[in-house]
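Novice: My questions will all concern the structure given below.
The values are calculated or read from the model by the stated rules, or taken from the named source; none is laboratory data. Quick caveat: nothing in here was measured; it's all calculated off a predicted structure. For neighbour counting, all protein chains shown are included, and Cβ atoms are generated from backbone atoms with ideal geometry for every residue, glycine included. To get the accessible areas, we keep the full protein, side chains included, count just its heavy atoms, and leave off ligands, DNA and RNA. Shrake-Rupley method; radii C 1.70, N 1.55, O 1.52, S 1.80 Å.
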Amino acid sequence: ASDARLRRVMASLVTHLHGFIKDVELTEAEWETAIGFLTRTGQMCGDARQEFILLSDALGVSMLVDAINHRAPEGATDSTVFGPFHVEGAPELPMGTCISLDGKGEICLYQGHVLDLDGKPIADALVDVWSDNADGFYDVQQPDLQPKWNNRGVFRTGPDGSYAFRGIKPVSYPIPDDGPVGQMLGALGRHPWRPAHMHFRVTAPGHARLITHIFVGGDSYLTSDAVFGVKASLIADFLPVHSPTEQWRTDFNFVLRPT
Ligand code: DHB
Ligand code: FE
């Protein structure tokens, strides 16, 4: 059965690839440029960097695959790109804990509920969160500068399905643009920036895993995200608050669909 699927996928790929080459009447020099580009992209792939995923993201391929595979039913929270910076095994923390460990940036209280499609709270959901720091770098990009697990944590919902944690109000941030994908963006006159976002992976028994972000409302890159990840339903209001523990607050519920 998988061989039949492979033949179908490859037949379509070759058909469309040939169609594209005929459409632009690709020159031999352009073909060589393409081979060189793909070779350099592969050479940039290792433990700390996956340039092919970056390429897929920058071409909108990742979001298209996401759209086809996660047609959220009415009421369920939309998904978006996973991105290259999640780290498995972040510490599970008590509700309300601040995940920003480097003292940089403005603190925001994130809170809400994890719910099912009927609006019932989901207990024992794991809310795994991560963001860049106030300088626009994830901890794994600056292992010698940032504390381990800076701006990462896992929170487990109680019987009422609620979650709460403190983190920074994230800042907009350029995808790594010192490689072939960055060169491609430059050659096309595209910028490498992503609008500010907090990443979430929400999992719970009996429910489909949700990979998404909360975007900071008002960010200037919301309409030109370098990886096309923005969905209107994921843009949240960040409200200024006067509190000794935080300067901002945002309320966001996650609605999971059943498996
Ligand atoms: C990508 C996603 C991110 O969330 C990020 O911070 C950087 C890059 C990406 O999809 O390539
Ligand atoms: Fe990100």
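Novice: Which residues, taken from the stretch 114-137, are open to solvent by less than 60 Å² (accessible area, probe 1.4 Å) and more than 16 Å from ligand 1 (Cβ to nearest atom)?
Specialist: V114, L115, D116, G119, I122, A123, A125, L126, V127
Novice: Now a separate question. If I filter the stretch 69-77 for residues that are part of a helix (DSSP H, G or I), more than 16 Å from N253 (Cα to Cα) and away from ligand 2 (no atom under 16 Å from the Cβ), do I get at least one hit?
Specialist: yes
Novice: G217 versus (1) within 19 Å of S131 (Cβ to Cβ); (2) crowded, with 16+ Cβ neighbours inside 10 Å; (3) of a type in the set (G, A, S); (4) more than 15 Å from the chain's Cα centre (by Cα): which is the lone unmet condition?
Specialist: Condition not satisfied by G217: (2).
Novice: Sort through P170, P147 and tell me the only one that's surrounded by 22 or more Cβ atoms within 10 Å (Cβ to Cβ) and either at pLDDT 95 or above or assigned to a loop (DSSP other than H, G, I, E, B) (or both).
Specialist: P170
Novice: Could you tell me whether the stretch 179-191 includes any residue that is away from ligand 2 (no atom under 12 Å from the Cβ), under 27 Å from I99 (Cβ atoms) and surrounded by fewer than 22 Cβ atoms within 10 Å (Cβ to Cβ)?
Specialist: The answer is no, given that none of the residues of the stretch 179-191 is away from ligand 2 (no atom under 12 Å from the Cβ), under 27 Å from I99 (Cβ atoms) and surrounded by fewer than 22 Cβ atoms within 10 Å (Cβ to Cβ).
Novice: Only one of V140, V87 is more than 22 Å from A232 (Cα to Cα), open to solvent by 50 Å² or more (accessible area, probe 1.4 Å) and within 16 Å of ligand 1 (Cβ to nearest atom); which?
Specialist: After ruling out the rest, the residue left standing is V140.
Novice: If you don't mind, another one. For E106, indicate whether it is more than 16 Å from ligand 1 (Cβ to nearest atom) and farther than 13 Å from I168 by Cα.
Specialist: So E106 fails the test.
Novice: Something else: Can you go through V14, V81 and tell me which one is β-branched (V, I, T), over 30 Å from F155 (Cα atoms) and either outside any loop (DSSP other than H, G, I, E, B) or open to solvent by less than 80 Å² (accessible area, probe 1.4 Å) (or both)?
Specialist: From the options V14, V81, the qualifying one is V14.
Novice: From the set of residues in the stretch 37-59 that are among the charged types (D, E, K, R) and in a loop (DSSP other than H, G, I, E, B), which is farthest from ligand 1 (Cβ to nearest atom)?
Specialist: Among them, the one singled out is D47.
Novice: Can you tell me which residue among D116, D128, D144, D160 is of a type in the set (D, E) and within 16 Å of ligand 2 (Cβ to nearest atom)?
Specialist: Matching residue, one of D116, D128, D144, D160: D128.
Novice: Return yes or no: is R249 open to solvent by 60 Å² or more (accessible area, probe 1.4 Å) and either aromatic (F, W, Y) or closer than 21 Å to T97 by Cα (or both)?
Specialist: Spelling it out, R249 is indeed open to solvent by 60 Å² or more (accessible area, probe 1.4 Å) and either aromatic (F, W, Y) or closer than 21 Å to T97 by Cα (or both).
Novice: Scan the stretch 90-113 for residues that are closer than 28 Å to P258 by Cβ, more than 16 Å from ligand 2 (Cβ to nearest atom), outside any loop (DSSP other than H, G, I, E, B) and open to solvent by less than 50 Å² (accessible area, probe 1.4 Å) and report the count.
Specialist: Residues in the stretch 90-113 being closer than 28 Å to P258 by Cβ, more than 16 Å from ligand 2 (Cβ to nearest atom), outside any loop (DSSP other than H, G, I, E, B) and open to solvent by less than 50 Å² (accessible area, probe 1.4 Å): 1 in total.
Novice: How about the stretch 208-248: which of its residues are outside any loop (DSSP other than H, G, I, E, B) and hydrophobic (A, V, I, L, M, F, W, C)?
Specialist: L210, I211, I214, F215, V216, A232, L234, I235, A236, L239, W248 - these are the residues of the stretch 208-248 that are outside any loop (DSSP other than H, G, I, E, B) and hydrophobic (A, V, I, L, M, F, W, C).
Novice: Oh, and also: Could you list, ordered by first residue, the pairs with Cβ atoms under 7 Å in which the first is in the stretch 101-119 and over 19 Å from Y163 (Cβ atoms) and the second is of a type in the set (G, A, S) and crowded, with 17+ Cβ neighbours inside 10 Å, at least 6 apart or interchain?
Specialist: Pairs found: K104/A134; G105/A134.
Novice: Right, another one. Restricting to the stretch 184-229, give me the number of residues that are away from ligand 1 (no atom under 11 Å from the Cβ) and among the charged types (D, E, K, R).
Specialist: Of the residues in the stretch 184-229, 4 are away from ligand 1 (no atom under 11 Å from the Cβ) and among the charged types (D, E, K, R).
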